[in-house]
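Student: This is the structure I have questions about; it appears just below.
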C-alpha cells in the first residue's frame, strides 16, 4: 500500500520548519568553522554539530504529543536565548555568557525593553522550531521496543555529551552548536559545578581582630553602570556631588579617581566585593573564604544590606539564603518608584549614621541600570536631545544608518541619569550624614560601552572583548573620622588612578580593625597603602571555573585629568 502523500508532506514540513529555524543564525556556524585549525578539529566539530542537529530532529519526530510539546517549549526558549544573545552582543554564546544571563535573570524585563526591537530573527527562529516540533509526525510501527525511546533519548544524549566536553574544557567547546542543545548542556554543567562547590567547606574567620572603643559605621555603596571617566572625580564632566565649585574634593571626600572594576558584569564584581581575593586566587576564595558579612559580624557590627534594584525579597548576584543568615537587616523598596529609590538609599544611610549603633552596610543602587530613559526626573533633562522619555528608544549600533545619532541620544540620557543618581544622591547624603561617625566607600560595579570605536552590537556591558570603558569605574572615600581621614588624604593622592575593586575588600577589613599585615598577606593591599594595581578587569569572570580570565586594561588617567593635582 502506498503511503498517503499528505503524510509524507507533513513530515517534510516538520523537518523543513525545524531545519529552517536552526539555520536562521547560520552566521555563527560559519564563524565557528573559520576559527577551527586543522582537519581533526574540523571533522570533530562537524560530527558534533551533525549529532546535535539529528538529536533535535529526532525529538521532533517523537510519537508522544506531551514530549513534543515539552521539547517545543524548551527548544524555542533555548534558541531564543542563544540567538538573542549573539545578535545583541555580536559575540558567540560561551558558557560564561550563560552563567551571566542566569545571574541576571531578574532583569529580563529591562533587557526586553532595551533590546526587544533587535531580536526579531531569534523570535522567528524560535517559532519555526516550535511549530516544526509540534506538527504531528507520520505514525510509525517500531520493530524493537527500544526504538520507541530513541526520540526521547537523542537530545538527552547530545546534551550530556556536549556538557561533558564543556566541563572538561573549562567552559569551552560548545560555541557554534544549535541553541536547542547548548542551553541544556550549559545548564547541566552549571548544576554540576554548584554541587561540587557545596563540597567546599567555608572557612571561619581567623584573622586577628582588635576591638575598638567606638567603631564608626562602615558603608560600601555600589553604584550601577556608572562609567568612571564620565564623572568629574574621574576627569569627566558630569557632576558627582563629591567635588566643590573649584573642582576640589568637598570636605570629608577623598578621591581615588578612576579605578578598574573586578569584572564588566554586575554579578562578577559584586561577588568579588563580598568575598575578596586577588586576580590569582579569586575563584578559590569565593568557594572557601568567609564573606564580608562574616567578618563584620565577628567584629561586632550590625549588618545591613540595601538592594534598590529588586523587590519582594528576591536576591541577585549569587546571593543566597545563607548570606541572609549573616545579615541583620535586608532592605528593599517594594513600593517606591524606581526613579526615587537611590534618593531613599541616601536618606536611609544618612539617618543611620546618627543611631549610635556600629553598622556595616552594603547598598546596591539603581544608578544607570539600563534602560536609562526614565531613570531621572524631567527637571534633570540638562543634556539634550536625549532618548525619548516614557517609552523605549532603541539603542542602535553606530555602524549603520543613524546609529551614531541614536547613541548620542542615549549618552545624553545617560548623562542626565548620572546627574540625578550620582550628583543628587551625594547632595542628599551629605545633607544628612554624620561623617564623623561613618566611613563610606563609593564605587560602581562596572562601566559602559557606547561603541565609540564603531564596534557592532547593542550591549553596553558584559562584552566578551570589551573596550577599556566597560571596566572603568571610580572609587572615593567619605569620612571625617580623624585617624582614617588623615590616612585617606595621604593615600588618595598617592594611589590616585591606581586602584581597583580588588583593593576594597582588604580596605573594609582594615576599617573593621583586623590586623593589617594579616589582611595584606591574605587579600592583598588596601586603599590605605601603596596598591601598585595593574588596572585590569576580568572580561570572562566565572565564579566556579569556565573560561580562563581575560584581563583588560582600563582607560588611563592623563595628567590633565588628575583632579587630585588641581
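Student: From the list 552, 557, which residue is at pLDDT 95 or above and either outside any helix (DSSP H, G or I) or under 15 Å from residue 473 (Cβ atoms) (or both)?
Tutor: 552
Student: When residue 284 is evaluated against the numbered criteria (1) in contact with a strand residue (DSSP E or B) (Cβ under 8 Å, 6 or more places away or on another chain); (2) surrounded by fewer than 19 Cβ atoms within 10 Å (Cβ to Cβ), which criterion, by number, is the only one it fails?
Tutor: (1)
Student: Based on what the data block shows, is residue 192 more than 30 Å from residue 451 (Cβ to Cβ), without any contact (Cβ under 8 Å) to a residue 60 or more places away in the chain, assigned to a loop (DSSP other than H, G, I, E, B) and outside the structural domain of residue 316 (by TED's automatic domain parsing)?
Tutor: No; evaluated as a whole, the condition is false for this residue.
Student: Related question: Give the stretch 518-529 a look and list any residue that's free of Cβ contacts under 8 Å to residues at least 40 places away in the same chain and within 19 Å of residue 442 (Cα to Cα), or say none.
Tutor: Those that are free of Cβ contacts under 8 Å to residues at least 40 places away in the same chain and within 19 Å of residue 442 (Cα to Cα): 525, 526, 529.
Student: Among the residues of the stretch 450-472, is any under 21 Å from residue 243 (Cα atoms) and in contact with a helix residue (DSSP H, G or I) (Cβ under 8 Å, 6 or more places away or on another chain)?
Tutor: Within the stretch 450-472, one or more residues are under 21 Å from residue 243 (Cα atoms) and in contact with a helix residue (DSSP H, G or I) (Cβ under 8 Å, 6 or more places away or on another chain).
Student: Right, here's the next one. If I go through the stretch 246-265 residue by residue, how many of them are part of a strand (DSSP E or B) and either touching a helix residue (DSSP H, G or I) at 6+ places or on another chain (Cβ under 7 Å) or modelled with pLDDT of 95 or more (or both)?
Tutor: 9
Student: Sticking with this one: For the list (1) in contact (Cβ under 8 Å) with a residue 40 or more places away in the chain; (2) farther than 20 Å from residue 219 by Cβ, I need the number of the one condition that residue 351 fails.
Tutor: (2)
Student: Moving to a separate point now. Considering every residue within the stretch 432-443, establish whether at least one is part of a loop (DSSP other than H, G, I, E, B) and more than 22 Å from the chain's Cα centre (by Cα).
Tutor: yes
Student: Which of the numbered conditions does residue 546 fail, given that it passes all the others? Conditions: (1) over 27 Å from residue 465 (Cβ atoms); (2) crowded, with 18+ Cβ neighbours inside 10 Å; (3) modelled with pLDDT under 95.
Tutor: The number of the failed condition is (1).
Student: Could we say that residue 479 is farther than 24 Å from residue 542 by Cα and either out of contact with any helix residue (DSSP H, G or I) (no Cβ under 9 Å at 6 or more places or on another chain) or not assigned by TED's automatic domain parsing to the domain that holds residue 292 (or both) here?
Tutor: So residue 479 does not fit the description; no.
Student: Now a separate question. Can you pull out the residues in the stretch 463-476 that are within 17 Å of the chain's Cα centre (by Cα) and either outside the structural domain of residue 539 (by TED's automatic domain parsing) or within 30 Å of residue 212 (Cβ to Cβ) (or both)?
Tutor: Listed by number, the list holds a single entry, 473.
The values are calculated or read from the model by the stated rules, or taken from the named source; none is laboratory data. Keep in mind that what you see is a predicted model, and the values were worked out from it rather than measured. Note: ideal-geometry Cβ built from the backbone for every residue, glycine included; neighbour counts use all protein chains shown.
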